[in-house]
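Scroll down for the structure; my scribbles are underneath it.
The values are calculated or read from the model by the stated rules, or taken from the named source; none is laboratory data. What you see is a predicted model, and the numbers here were worked out from it, not measured in a lab. Reconstructed Cβ throughout: ideal geometry from the backbone, glycine too, with neighbour counts over all protein chains shown. Keep in mind that these areas ignore ligands, DNA and RNA; they rest on the heavy atoms of the full protein, side chains included. Shrake-Rupley method; radii C 1.70, N 1.55, O 1.52, S 1.80 Å.
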Amino acid sequence: MGEIKTIGVLTSGGDAPGMNAAIRAVVRTANAKGVRVIGVRRGYNGLMNGDMIELDARRVSDILQRGGTMLQTARCLEFKDLEGVQRGINIAREFGLGGLVVIGGDGSFRGARDLSNLGFPTIGIPGTIDNDISCTEYCIGFDTALNTAQESVDKLRDTSGSHERCSVVEVMGHGAGYIALYVSICCGGEVCLIPEKPFDYEKDVLQPILDGKKRGKQHDIVVVSEGVTNSVELAKRIEKDTQIESRATILGHVQRGGSPTLRDRLIASQMGYAAVNVLLEGRSNRLIVMRDSKIIDIDITEGLSMPRKVDEKMIEMARILSI
Ligand code: F6P
C-alpha cells in the first residue's frame with residue numbers, strides 16, 4: 001500500500017454531540033501532516049453516491065462547540081451487503097481516498113470492518129449517546145446526553161415535588177441501560193428500570209414507592225430506559241395502585257442534541273487525533289477506544305465480538321441510594 005495522501009471522514013448512525021469535534025480533529029491532524037481530507041456526507045450513503053465535500057482546517061472552524069454533525073448522518077441499508085461495500089470502495093478510490101475514518105456506533109463499525117476486510121483501510125471512532133459499545137469505556141456523546149437528561153429530570157423533580165406526584169421519565173438507550181442508570185443515580189431516582197435487569201412490577205416498582213411513602217417520601221422519580229416498558233401505561237398503573245398522581249415524560253431526541261460538554265469535546269478531539277495517526281501509520285481495521293481512561297486502538301473484529309457487561313455494583317448502589 002502506497003503512502004496515504006487523502007482520507008475520508010464520515011458520521012454514521014444516530015448523531016451524537018461531539019461528532020463535530022471529532023471531525024475537526026481528524027481534519028486538522030491530517031492537514032498538519034500534509035494529508036487532504038474529504039468529508040463524506042450522510043454516512044455510508046455518501047460513499048455509495050459520491051456525495052463528498054472538501055474539508056480543510058478553516059472549513060471545520062466554529063464546529064467544535066456545535067451539536068449534531070456537519071456531515072449529516074444516516075443508516076445505510078445497502079452497506080449491509082458486501083456488494084454495496086465494494087461499490088463504496090470503488091467510488092472512494094475514484095475520489096482518491098486512501099483510507100477512511102468512521103464515527104458512529106457498532107452498526108457503523110460492521111461497515112468499517114467490511115471495508116477493511118476488502119482492503120480499504122478504515123478506522124472507527126465510537127460515537128453514540130447510548131455508550132453501548134462493549135469494547136470501550138466511553139463513546140462520544142454520552143456525557144452530553146447525560147447532562148441533558150439530568151437537567152430535564154431535575155426540572156421534573158421540582159414540579160413533581162410541588163404536586164407530590166410520581167414522575168415516570170423515559171430516557172434513550174437503544175437496549176442499554178447506561179443513560180437510565182447514571183441519570184437515576186445522579187438525579188435521585190426512586191426506581192430505575194433497565195433492559196439488563198428484567199423487573200417485577202410489584203417488587204421493583206410498587207413496593208419501593210409504597211415503602212418510600214411510609215418513610216416520608218413525598219414524591220417519586222421512576223427512570224425507565226426506552227423499550228423496557230410502556231412509560232405512559234406504567235404511570236397510569238402506579239397512580240391506580242398507589243393513589244399517587246403520576247405523569248409520564250418521554251425525553252426522546254432532545255437527548256441527542258446540544259453543545260457537547262467539555263468531556264465530549266476532549267475525548268472526541270483525542271479520538272480524532274488518534275484515528276488519523278493510526279491510519280497514517282498504515283494500520284487498518286482498528287477501533288479507537290478508551291480503556292483504563294487511556295485512548296488506545298484495538299482490532300475492530302475483536303472489539304465487535306466482546307459481550308456487553310452491566311455493572312452490578314452500580315445497579316446495587318442505585319437501589320441503596322434511593323431509600
Ligand atoms: O443510538 C442513539 C439513539 O438515540 C437510541 O438511543 C435510540 O434508540 C435511537 O437512536 C433512536 O433512533 P432514531 O433517531 O432513528 O429515532
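If you check R75, R110, R66 for being open to solvent by 60 Å² or more (accessible area, probe 1.4 Å), within 15 Å of the ligand (Cβ to nearest atom), in the same structural domain as V26 (by TED's automatic domain parsing) and not in a helix (DSSP H, G or I), only one passes: R75. Select from the stretch 173-217 the residues that are of a type in the set (A, V, I, L, M), in a helix (DSSP H, G or I), more than 15 Å from the ligand (Cβ to nearest atom) and open to solvent by less than 10 Å² (accessible area, probe 1.4 Å) and list them in ascending order. Hits for the stretch 173-217 are V205, I209. Determine, yes or no, whether I123 is touching a residue at least 60 places away in the same chain (Cβ under 8 Å), open to solvent by less than 20 Å² (accessible area, probe 1.4 Å) and in a strand (DSSP E or B). When the stated conditions are applied, I123 passes them.
Test N147 against the stated conditions and say whether it is touching a residue at least 40 places away in the same chain (Cβ under 8 Å), within 16 Å of the ligand (Cβ to nearest atom) and part of a helix (DSSP H, G or I). Yes: the conditions hold for N147. Taking the conditions (1) over 25 Å from the mean Cα position of the chain (by Cα); (2) farther than 30 Å from S184 by Cα in turn, D158 satisfies each one other than (2).
If you go through the stretch 246-265 and keep only what is open to solvent by 40 Å² or more (accessible area, probe 1.4 Å) and in a helix (DSSP H, G or I), you end up with H253, V254, R256, L262, R263, R265. Comparison of I133, I129 shows that the only residue that is under 12 Å from the mean Cα position of the chain (by Cα), in the same structural domain as T69 (by TED's automatic domain parsing), near the ligand (Cβ under 10 Å from one of its atoms) and part of a loop (DSSP other than H, G, I, E, B) is I129. Among the candidates G303, G272, the residue that is closer than 15 Å to A112 by Cα and assigned to a helix (DSSP H, G or I) is uniquely G303.
Filtered by the rule that a residue be over 14 Å from A180 (Cα atoms) and open to solvent by less than 50 Å² (accessible area, probe 1.4 Å), the stretch 218-237 gives H219, D220, L234, A235. Checked against the criteria, E170 does not count as outside any helix (DSSP H, G or I), modelled with pLDDT of 95 or more and in the same structural domain as D264 (by TED's automatic domain parsing).
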